[in-house]
1. Suppose we filter the range 223-243 for residues that are under 20 Å from Leu131 (Cβ atoms), under 20 Å from the mean Cα position of the chain (by Cα) and not aliphatic (A, V, I, L, M); how many remain?
2. Take the range 223-244 and flag every residue that is of a type in the set (Gly, Ala, Ser) and more than 20 Å from Gly284 (Cβ to Cβ).
3. Among the residues of the range 159-181, write down those that are within 17 Å of Arg71 (Cβ to Cβ) and surrounded by fewer than 17 Cβ atoms within 10 Å (Cβ to Cβ).
4. Does the range 200-208 contain any residue that is among the charged types (D, E, K, R), in the same structural domain as Lys34 (by TED's automatic domain parsing) and in a helix (DSSP H, G or I)?
5. Give the range 212-232 a look and list any residue that's out of contact with any strand residue (DSSP E or B) (no Cβ under 8 Å at 6 or more places or on another chain) and not charged (D, E, K, R), or say none.
6. Can you list the strands (runs of 3 or more DSSP E) lying wholly within the range 77-156 that have 2 or more residues being within 30 Å of Pro241 (Cβ to Cβ), out of contact with any Ser or Thr (no Cβ under 7 Å at 6 or more places or on another chain) and among the aliphatic types (A, V, I, L, M)?
7. Is it the case, given these coordinates, that Asp313 is surrounded by fewer than 17 Cβ atoms within 10 Å (Cβ to Cβ) and within 24 Å of the chain's Cα centre (by Cα)?
8. Which one of these does Gly63 not meet: (1) in a loop (DSSP other than H, G, I, E, B); (2) outside the structural domain of Tyr169 (by TED's automatic domain parsing); (3) at pLDDT 95 or above; (4) not hydroxyl-bearing (Ser, Thr, Tyr)?
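The values are calculated or read from the model by the stated rules, or taken from the named source; none is laboratory data. Just so it is clear, the structure is predicted and the values come from calculations on it, not from any experiment. Neighbour counts run over all protein chains shown; Cβ positions are idealised from the backbone, glycine included.
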Amino acid sequence: MAAKIQTSFCLPSFSIPTAKPKPYLKSFTVSAKKSISGRKLRAAVIGGGPAGSSAAEALASGGVETFLFERNPPSVAKPCGGAIPLCMLEEFNIPHHLIDRQVTQMRIFSPSNIAVDFGKTLKPHEFIAMLRREVLDSFLRSRAHSAGATAVPGLVTGLDLPAAPAAPYTIHYTTNGSSRRSLAVDVVIGADGANSRVARSIGAGDYACAIAFQERIKLPDEKMAHYENLAEMYVGNDVSPDFYGWVFPKCDHVAVGTGTVRAKKDIKVYQRGIRERVMPKINGGKVIKVEAHPIPEHPRPIRVKGRVALVGDAAGYVTKCSGEGIYFAAKSGRLCGNAVVKASEGGERMIDECDLRREYLKPWDAEYAITFRFLDLLQRVFYGSNACREALVELCGDEYVQRMTFESYLYKKLAPGRPLDDAKLLLNTIGSLVRSKVVETRMNTFIL
């Protein structure tokens, strides 16, 4: 679920059958690739978050002349739980010194405040890495620059499309708040977030956005000790009508936040709700930062058009139900960058839309489309009412659910299920939903 909300947290996972990706029905005219005389293919990456930095690093390392656009100073880090899966540390060579907390205990609270520990099946070496987005983003940008990407500090204000098939794209941007400049490039990668200017420029279509709101709260040492290696998640209509609230530990503070799609105008009401739920644990803390940001809820209708590709939040790569976005942002950026390198033969030849679809979009959908659809289904099932959320929390106590969830989340590979256990889980799910309906009815009767 999103809220990119970006708060990466894992909810119950079930084994789902693998399916062959549907073939692309639309055909494209394949033209002979043209050599670029006297220079390398020139690419612009708009946005310096995990998606943009990973794309720029892949492009520059592969021989493409790369320009990485990022506001100067960088825009405020969006409200993000900051959790990344274990596999990302190795896959993207994230240094361990960037990690604020190694979370091994997760606790989920139902609408009636029943708590379930959600980390029983973690192995001794396994944990969820918690870090600050501004720290991660800065590291990834620096690595892209070290790989050869040229940093362009400035705000992109517009993108002119080519007047002819082989003509360049023209990027307009401002520096120092006033100086207007432009740059002509062959390829554009839009990594500029949910309100992507690049997406609007190519008519990529609209998508639903959630709003995420988060406060960073510095706690007294004795209260911070409670969150030494613990992350908490709260569900209920008081904290969000369609998502969840969270308390995630950072280096010297906790991130307390929530998000919603259905009632964005009431986000501060839900923030008060999560604060009230955790008040005994954060009382005496000092708010050191307040953040709010839109988060995409599903992939855009168009993610590739011409020689323009969208990645990360600009493409809509945030999972429902769990709200994970950091890993998918970095992964999509790297995949897209590598696709351009491969199609251009190391920056020696021009590419076209067919190349981007074949080398980037098709592999991405083949690997992740089912996962995104499945998590969308889970959100619809378990976030429709407080009764369903009570059932969700009850199921989270099942060790089979926890094992399946963490294996899938930590390593980004579908955990193989066991048919008998899957059948039992289905029956338990139905039973939990039935019991929770009864519980909600009794609670409503008591309240009335």
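1. Residues of the range 223-243 that are under 20 Å from Leu131 (Cβ atoms), as a first pass: 224-233.
Now drop any that are not under 20 Å from the mean Cα position of the chain (by Cα), which leaves 231-233.
Now narrow it down to the ones that are not aliphatic (A, V, I, L, M): 232.
Number of matching residues: 1.
2. Ala231, Gly236, Ser240
3. Step one: of the range 159-181, the residues within 17 Å of Arg71 (Cβ to Cβ) are 159, 171-181.
Selection gives His172, Thr174, Thr175, Asn176, Gly177, Ser178, Ser179, Arg180, Arg181.
4. For the range 200-208, residues among the charged types (D, E, K, R), in the same structural domain as Lys34 (by TED's automatic domain parsing) and in a helix (DSSP H, G or I): present.
5. Just the residues of the range 212-232 that are out of contact with any strand residue (DSSP E or B) (no Cβ under 8 Å at 6 or more places or on another chain), to begin with: 220-223, 225-226.
Scanning the range 212-232 gives Pro220, Ala225, His226.
6. Numbers: elements: 101-103, 105-109, 115-117, 128-130, 150-153.
The qualifying strands (runs of 3 or more DSSP E) are 105-109, 115-117, 128-130.
7. Working: surrounded by fewer than 17 Cβ atoms within 10 Å (Cβ to Cβ): no; within 24 Å of the chain's Cα centre (by Cα): yes.
Considered against the rule, which asks whether it is surrounded by fewer than 17 Cβ atoms within 10 Å (Cβ to Cβ) and within 24 Å of the chain's Cα centre (by Cα), Asp313 comes out as no.
8. (2)
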